[in-house]
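Okay, structure first, notes after.
FYI, it's all coordinate maths here, none of it is from the lab. Predicted model, so just to flag it, every value in this text is computed and none were measured. Quick reminder, even Gly has a Cβ in these numbers, built from the backbone with ideal geometry, and neighbours come from all protein chains shown.
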Amino acid sequence: MKYITKPRRFMALSAVSLMLTALIIHAADISNQPARTSPDWLRNGVIYQIFPRDFSAAGNLNSVTAKLDQLKDLGVTVLWVMPIHPIGEKGRKGDYGSPYSIKDYYAVDPNYGTLDDFKKLVAGAHQRGLKVIMDLVANHTSWDSVMMTNKAFYKQDARGNVISPDPGWTDVAGLNYANSQLREYMIAMMNYWIQTCDIDGFRCDVAWAVPTDFWEQARAALEKTKPDIMMLAEASKPDLLTNAFDVDYSWPLLHTLNDVLMRGAPASNLPGTWQDDVKQFPQNALHMRISDDHDESRAIARYGINGALAAQVFMFTLDGVPLLYNGMEVGDATESGDPALFDKLPIVWAPRERPPFRDIYRSLIRLRKQYPAFSNNNVSWLHNSNEATLLTFMRSDQTDQFVVVINCSNRPVSGSVKIENGTDFQPVRISGIPDSHDCGLPQFHLNAYEWRIYHRTLHP
């Protein structure tokens with residue numbers, strides 16, 4: 001769940017200058033600090049986001065459990081399950097309501113099944129070596145939440161009326177983290193799910209709108225229960241990654257990707273955005289790399305089929321932790337986000353003939369797992385002959401070097417990449433993609449939105 005706050009239009013210039021100066025100084029301080037150390041299973045992992053309502057025709061937890069073998073075969077390692085709790089009825093949007101309008105944090109939506117069904121899902125995932133994280137909605141609840149018996153838990157206006165966290169979010173009421181009892185309630189609830197179902201962590205909705213010191217307080221408490229817990233922030237806020245969270249959203253990069261693939265912005269804007277993040281975030285910060293999720297129209301709708309594939313190849317080969325969303329592996333184009341989030345639109349698991357997304361993604365995930373060069377922070381952006389259209393970068397370690405070349409346009413392009421001693425790179429074979437006739441770098445020809453990965457082994 002995401003929204004962007006809008007600044008006041010007529011803030012005094014001096015106030016703006018002071019605010020920007022403070023932000024720059026704060027960002028500099030944060031960028032000099034180390035990010036918290038994330039567990040290896042996250043840094044080397046691939047996250048799969050599941051919307052249980054749409055994951056199957058039945059729309060329940062048992063249907064997710066039934067597909068665990070397929071998810072394991074795909075190669076994903078972390079299952080993020082969107083909220084499983086009962087949805088509020090008061091002020092509900094759509095026929096089904098937003099899963100982020102929660103009535104009772106301690107309950108399972110009966111439309112999804114029972115607590116035992118969720119336990120079986122987590123246990124089944126663990127048996128297959130998969131981790132499971134729950135979606136935690138800490139910023140707000142539904143208007144008919146069981147917590148409404150204590151109004152002090154909620155934000156209120158000057159007249160004592162409970163208010164929404166944002167004027168557009170009419171189906172939810174904002175929680176008040178100035179209240180210490182609320183903090184205790186939320187931390188106890190998070191511990192309940194760890195202790196009862198053995199979950200491996202939380203994806204924290206609207207994490208940027210909840211005070212950072214609460215997240216740090218919660219993290220310290222939860223680690224006493226499960227030391228290697230993972231926390232994912234729905235945010236792009238540098239100070240969250242020093243003590244509270246392991247990983248956040250790469251929203252700036254997604255926004256730039258939209259500009260490049262949808263509006264014709266230069267491909268060179270992408271490395272620029274990546275470098276800006278390095279300057280602002282803690283050292284070795286970890287970001288979840290996304291091209292598709294429940295807050296966006298499907299990538300296929302935004303970029304077209306080949307553009308969506310190119311976008312996800314970018315996310316798979318960049319640093320950070322890549323995300324696959326609910327049916328991406330079959331090229332599902334069923335609508336997502338608002339207003340589809342409030343209704344039921346199941347994945348089409350047998351769509352019309354398209355590129356073999358599952359084979360391609362499985363092959364790319366195996367490549368990531370086979371070569372540690374894809375799990376480190378070493379990204380070298382390479383100059384090429386057409387930087388308005390072509391994206392070229394290297395992933396490397398002491399053993400291997402990979403060069404990724406992506407045509408970010410809907411036109412064929414011939415080009416070259418500037419790389420020292422680059423003639424011994426060879427194209428990587430990716431299942432589902434025809435073999436390249438290139439002999440290697442630095443010259444290449446790419447069709448619209450075509451991409452290629454090249455590899456060479458370094459000799460001592």
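Check which residues have an amide H placed less than 5 Å from Q283's amide H, if you skip close sequence neighbours.
Q33, A35
As a test, work out the antiparallel percent of DSSP beta bridges whose residues both lie in the chain, rounded to the nearest 5.
55
Quick one: 3J(HN,Hα) in Hz for region 275-282, Karplus 6.51/-1.76/1.60 with θ = phi - 60°, rounded, Gly and Pro as x.
Whole-Hz 3J(HN,Hα) from phi for region 275-282: 5, 4, 5, 4, 6, 9, 9, x.
With a ≥ b ≥ c the root eigenvalues of the C-alpha gyration tensor of region 26-374, is it rounded (a/c under 1.5), prolate (a/b larger than b/c) or oblate?
rounded
Quote to one decimal, in nm, the extra length available between K90 and S380 on full extension: 0.36 nm per residue of separation minus the C-alpha distance between them.
99.3 nm
Mind giving me the FRET efficiency for N150 and Y192? R0 is 22 Å, r the Cβ-Cβ distance, nearest 0.05 is fine.
It comes to 0.80.
Based on the Cα atoms of region 130-170, what semi-axes does the equivalent ellipsoid have, where each is the square root of 5 times one gyration tensor eigenvalue, given in whole Å with the largest first?
One finds semi-axes of 26, 13, 8 Å for region 130-170.
Tell me the mean residue ellipticity at 222 nm calculated for the chain from its helices only (DSSP H runs of n ≥ 4, each -39500 (n - 2.57), averaged over every residue, nearest 500).
Computed mean residue ellipticity for the chain: -9500 deg cm²/dmol.
If contacts are Cα pairs under 8 angstrom and at least 6 residues apart, what is the relative contact order of region 294-375 in percent?
Value for region 294-375: 36 percent.
At 0.36 nm per residue, minus the direct Cα-Cα distance, what do A221 and S297 gain on full extension? Give it in nm, one decimal, please.
Extending this stretch completely gives an extra 23.7 nm.
Output wanted: per-residue J couplings in Hz (rounded whole) for region 205-219, from phi through Karplus 6.51 cos²θ - 1.76 cosθ + 1.60, θ = phi - 60°, x for Gly and Pro.
Per residue, the Karplus-derived 3J(HN,Hα) values read 5, 6, 4, 5, 8, 9, x, 4, 5, 5, 4, 5, 5, 5, 4 Hz.
What is the Å³ per residue value for the convex hull set by the Cα atoms of region 208-353?
140
Based on the alpha carbons, how large is the Rg to Rh ratio for region 28-70 when Rh follows Kirkwood?
Looking at region 28-70, the ratio lands at 1.29.
Does region 36-129 come out rounded, prolate or oblate, given a ≥ b ≥ c as the square roots of the eigenvalues of its C-alpha gyration tensor, rounded meaning a/c under 1.5 and, failing that, prolate meaning a/b above b/c?
Prolate.
Around V132, which amide H atoms from residues at least 5 apart in sequence, or from another chain, sit under 5 Å from its own amide H, with H modelled in the peptide plane?
Sorted by chain and number, the residues that satisfy this are L79, D200.
Hey, with R₀ at 51 Å, roughly what FRET efficiency would T170 and W349 work out to, going by the Cβ-Cβ distance, to 0.05?
For T170 and W349, the calculated efficiency is 0.90.
State, as an integer percentage, the relative contact order of the chain based on alpha-carbon contacts under 8 Å between residues 6 or more apart.
Relative contact order here is 15 percent.
What pairs from K72/K103; K90/K155; K151/K226; K151/K237 go past 22 Å between their alpha carbons?
Table pairs above 22 Å Cα-Cα are K72/K103; K151/K226; K151/K237.
Would you mind getting me the FRET efficiency between Q181 and R128? Use the beta-carbon distance for r and R0 = 35 Å, nearest 0.05.
Calculated transfer efficiency: 0.35.
Translational diffusion coefficient, Stokes-Einstein: compute it for region 379-457 using the Kirkwood radius over C-alpha pairs as Rh, at 4 °C and 1.567 mPa s, and state it as an integer in µm² s⁻¹.
Calculated translational D: 103 µm²/s.
May I ask you to give the average projected area over all directions of the convex hull of the Cα atoms of region 178-232, in nm² rounded to one decimal?
Convex hull of Cα atoms, orientation-averaged projection: 3.6 nm².
Give me the Kirkwood hydrodynamic radius of region 196-278 in Å, from all C-alpha pairs, to one decimal place?
About 14.3 Å, per the Kirkwood formula over Cα pairs.
Tell me whether region 397-439 comes out rounded, prolate or oblate; compute the Cα gyration tensor, take square roots of the eigenvalues as a ≥ b ≥ c, and use a/c under 1.5 as the rounded threshold.
oblate
Output wanted: per-residue J couplings in Hz (rounded whole) for region 412-426, from phi through Karplus 6.51 cos²θ - 1.76 cosθ + 1.60, θ = phi - 60°, x for Gly and Pro.
3J(HN,Hα) across region 412-426, in whole Hz: x, 8, 9, x, 8, 10, 8, 8, 5, 6, x, 6, 9, 6, 10.
Give me the distance in nm between label points sitting 7 Å out from Cα along the Cα-to-Cβ direction at D424 and N62, one decimal.
The modelled label-to-label distance comes out at 5.9 nm.
Which whole-number percent is the relative contact order of region 196-271 (Cα, under 8 Å, 6+ apart)?
This gives 27 percent for region 196-271.
Can you tell me the order of 203-212, 417-426 when each peptide is scored by its average per-residue count of other Cβ atoms within 10 angstrom, highest first?
Going from most to least packed, we get 203-212, 417-426.
Enumerate the amide H contacts of V247 below 5 Å, restricted to partners 5 or more residues apart or on another chain; note that Pro and chain-start residues carry no placed amide H.
M231, A233
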